[in-house]
1. Go through the stretch B:346-363 and give me each residue that's surrounded by 22 or more Cβ atoms within 10 Å (Cβ to Cβ) and over 26 Å from residue B:398 (Cβ atoms).
2. For residue D:108, indicate whether it is at pLDDT 95 or above and within 14 Å of another protein chain (Cβ to nearest Cβ).
3. Is it the case, given these coordinates, that residue B:155 is surrounded by fewer than 22 Cβ atoms within 10 Å (Cβ to Cβ), within 13 Å of residue B:177 (Cα to Cα) and either away from every other protein chain (no Cβ under 11 Å) or modelled with pLDDT of 95 or more (or both)?
4. Please specify each residue of the stretch B:266-291 satisfying the condition of being in a loop (DSSP other than H, G, I, E, B) and under 12 Å from the mean Cα position of the chain (by Cα).
5. For the stretch A:1-43, which residues satisfy the criterion of being within 14 Å of another protein chain (Cβ to nearest Cβ) and in contact with a strand residue (DSSP E or B) (Cβ under 7 Å, 6 or more places away or on another chain)?
6. What number of residues within the stretch B:461-519 satisfy the criterion of being crowded, with 18+ Cβ neighbours inside 10 Å, closer than 20 Å to residue B:305 by Cβ and touching a residue at least 60 places away in the same chain (Cβ under 8 Å)?
7. Need the failing condition index for residue B:92 against (1) in contact with a helix residue (DSSP H, G or I) (Cβ under 7 Å, 6 or more places away or on another chain); (2) within 27 Å of residue C:191 (Cβ to Cβ), just the number.
């Protein structure tokens, strides 16, 4: 690969891990309002307008951002001003970085060069994702602790307890998937889902191999994003969360991290259980349907289709999580811990055992 | 000693006791308007109708004398019906202008309507119009429409003040309480008719529209207006200071004490509350007229004192004290200045003005609340008891410094004389509550609280020791005199001064037999019940 | 038979000479021979009731005087005849003042009083003058003054003219008025016999009662008593007024049938009229319907019939009289005359007047008759003096016995103002 | 008969016992999601139709676009206070302090003064209502013996840039009138005042 090409692709991919989740998160912030409105027979944000039109409420998002940036940045009297400042950055940083190992397509061939549609194809990609999401907890804990406020500290402890509890479940659930696919590399996991079952009629997606695993993962994933029904850590105005002493864009970053994490969880879920960028019956050279007919497509077009499929799947799961967020009420904290430790953890262990037994068999 | 039964309770009462009084002894309140224990029986309101067995009809409890074996039912159906119907009659021509009536909240019509009335009005006709808002005298205003013609006020002016200003005119439902033509209700006790008026007919012009009575809290106290020591009730605001012109104390009311003042107080005492929060109050410590903090002014005062003592000796200083201080303050002053600093000139006697005379009801010529105690406490050490003497010695240059305790010498000796005498002084302290010629003549002014802002006891002219509590908190930067003494003692490096009046009174009792009887409630005991004005 | 009214028709009977020709001042001479206690006993035996209206036995009243009170005793003659429908005392004082004076002398001797006040109604100007002239004549004759008929028994009789207040016919307010105070009734006890005029023992008797005393002495107690019915001794002056042919004052034995008084003595009704109601004993007595008038006119019988004899002022009302208007007139009178001292009478009489005035002027409301009756019942028994009862009894009587008269007014008022009535009912 | 006269006492329902499948939550969650999704899809369909100009009249939501459109207020709705006047223009209020006394939010402050007219005697020298504190309970209206204070102005949108601006004094309270009596011109003036 030529150096020019190398740097170009590297920069492009880096820009991607910034732009893709952030754009989607921005859209999610909008969807948060609009989708809930539509679900609840309301209209939703429609007052802010440009050129006399509310532009489906997008202007509100812009205004919100302007508000976030221009608000007074209140910093509490704390000896850990530095940590206080960087805490939201830590949370956001790790959430974004996890996207580096998530494959969003197979490969493109441009000017004879093959470009893998993944920022970094780590052979331990899955562990990398976990490492980063686990580190994301530091953002919250440091934010709560450095705020020099008992309530914030309590909120942070609550948040970390919850996230650690559910990370265990996620980790164990994914072990099931790893056993099933036999690899730690995310790209390979996706590739492994490109084959079909039942004489080619059914895509061999993770959900078919790990139906229980999917459920557990998805539930625990929502808990990881700290959103309803698991939004205890933030508890916006009711129970006071770790972000109590944050204002302006630092608060906004925490808020945004949630959306980025939503996208991340959606992307990981898709990667593990819904074939990642795979489109059923679409191969590098084109479609090959189970009834025998084929449709040849240029490989690059196919790759783009697969990228689109990935984005589509992620968007669907974002929508689903949003729908859940506006459907369910919040758990009580004891219920959260109860669910995490008494139900999800044993079930995920059972899932591993069963998966392992089946694989051995 | 007849024994009678009231509502199934037996009681033995002295001969001649009225049924209403016997019932009161049993704790049964028979509704009444015209009956007042200190006045003759009128029997006109007919509210106290009770059923007495073997009587052909209902009898009024205020006039019926209790006899042996009498069986009285105050709550029988007949008696209750009679009461309700009497109240209905009383309210038939009553204008029901409670919204503008100052009595609302302490009105017996309202009270009995809620307890024994609760009837619906059956009146379809117009009410009778009578005089409204007629000024009877300097303190009292009359609303004849509200009057229920109980004649308490008429009997008060006839029997107590013996000034006969009021009478009832016209007949039937046009009967009207008025003052006799050309005669204003201006006797020195006129305010009492407001207290005894059970309704809003006679209201206090001074209290008029200032504050609604239900915003007021009350504490018992002792009037400091003269040597009588009348028992009073201080009504004050605890919140909503936008009422009552922003002042806390709204009025004084007499408190029943058969041994001192009966049910009454004089108008001078009644309206003496006004000065307690007026503009003349001293609120910040001052040096030569310049306000300062307590610490700096006290430091200056102590320095001046110490310098003076080392130069001229303590005998060149005179303590001039008001005879209105509490027993505790006098005793502490005596301990501090007389026994502690060995000052020999403690003067408190100020001759009363010629216009002050005793009358045969309550008013005393001596306008100091505590002359009795001053004589007792200061006499042991003082060699100069008359203020006149101190003044003469000051003018002669023998006395070179004054310590004035709340005494205003202006009225007795003239403002100019005080100012001139003070000019020759090396230093002077004024510890007092009000700005006056004496305070202005003194260099160091330390503001002290008035009697409603401190606790203590006073001794009236007959030697009766009476306790008064702190009703409100000190105004501005003023401090109770005992605390000022304690601060001064600290500055002058003298033994610690006790600031708790109860403990000071204990020491006082050990030094003077007259004050040996306990006055302060034991710390655990509840406050003694205060008798109410009927 | 005529006792008190014996000399009414004699010309110049008010003059001492004429009086003495007709038997005047003979009884006093006889009485002066008797012991005072004997006289009191005679009067008790005579069943002489207080003829002012209350009917309290006069002899018993006299015997209530405290024996050991060193204060002077007073006799007060109540000549404040204000009860509507009553004019008997006027006749006595106009036509036979010396009979009254003779009675005063006997009574004073009996109760050992040396001063007598005749409290005469302010409107009785002529009678006051006659009395004063009679007293002067008696004095000149030595019957009154320092020595009564030569005996060492000084007696002064003073005529005191009232100022025209009905309430001053009540004995205690009469005493208050006599003392120069407001004519307000006093609380009882103490009764005047114990503490009356200037807190001294005082006997207050009606003119008619005192005027019968000489006849008790002349006839003797038992004979006098036998003239009337049981426990109602002697005779009585009945003032008959209203819709009769011959209104006037008739002296008849106590217990004469009311029907006989109206239809025989007073000449009956005018032609073509129907009797509607009779007020038997002055305006304050409850009204009787035509069915009820067949009864003996004495204190006990009328009380049994639910009315009272009172001052025996019989007012006859026939079918030309509108009873509601008549009642309104009465209510106006009592409201005007209520002294205003005690609550029920002051407010109740005024209230009843307001209601009745309104009923007459603009028709009534359905609640009015019941309300009137309720107010009246609330006054009765609760006021200081009997004026409250006097005002209430007629209202109760009229409302109970003639509801149809009220119904007419109510119907008129209700049709005129349906909406306001509805509001009133809600209130 | 006895049963008819028995008073029905509502017994607090016990927590519903959940079946196993309900306890699993999953299916219940899906059921809930089904409902919300149903609404979402249907509404989105109509929204899109409207976006493209089809079926404009369909009432998409019950939302009222306040303040451009207002719901008609019930006549007895408690809205901003006003002080009524007598026929001669003087305030009806006689400063009896009933409203001040009954006010649970302590938002009314009245200072009384005397008037010469013996038939009125008393008037409010100042009458301040701190709308910022008011809880709109209407007790003051209930308590008023003179029918002087009323809450019928129909004004609900009360806002100010300062705490002091939320305190309405006697002149302002007297200047308001009932929503039902208001002319169009007064409505305009009111609008201006509210927008200040």
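1. If the condition is that a residue be surrounded by 22 or more Cβ atoms within 10 Å (Cβ to Cβ) and over 26 Å from residue B:398 (Cβ atoms), then B:362, B:363 are the ones that fit.
2. So residue D:108 passes the test.
3. yes
4. B:266
5. Hits for the stretch A:1-43: nothing passes.
6. So the answer is 8.
7. It is condition (2) that residue B:92 fails.
Conditions (1) surrounded by 24 or more Cβ atoms within 10 Å (Cβ to Cβ); (2) modelled with pLDDT of 90 or more; (3) within 30 Å of residue A:74 (Cβ to Cβ), marked per residue:
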position: A:158; (1), (2), (3): no, no, yes
position: A:165; (1), (2), (3): no, yes, no
position: A:182; (1), (2), (3): no, no, no
position: A:192; (1), (2), (3): no, no, no
position: A:198; (1), (2), (3): no, no, no
position: A:206; (1), (2), (3): yes, no, no
position: A:214; (1), (2), (3): no, yes, no
position: A:224; (1), (2), (3): yes, no, yes
position: A:233; (1), (2), (3): yes, no, yes
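The values are calculated or read from the model by the stated rules, or taken from the named source; none is laboratory data. Everything quoted here is computed from the prediction, not taken from an experiment. In this analysis, Cβ positions are derived from the backbone assuming ideal geometry, glycine residues included, and neighbour counts consider all displayed protein chains.
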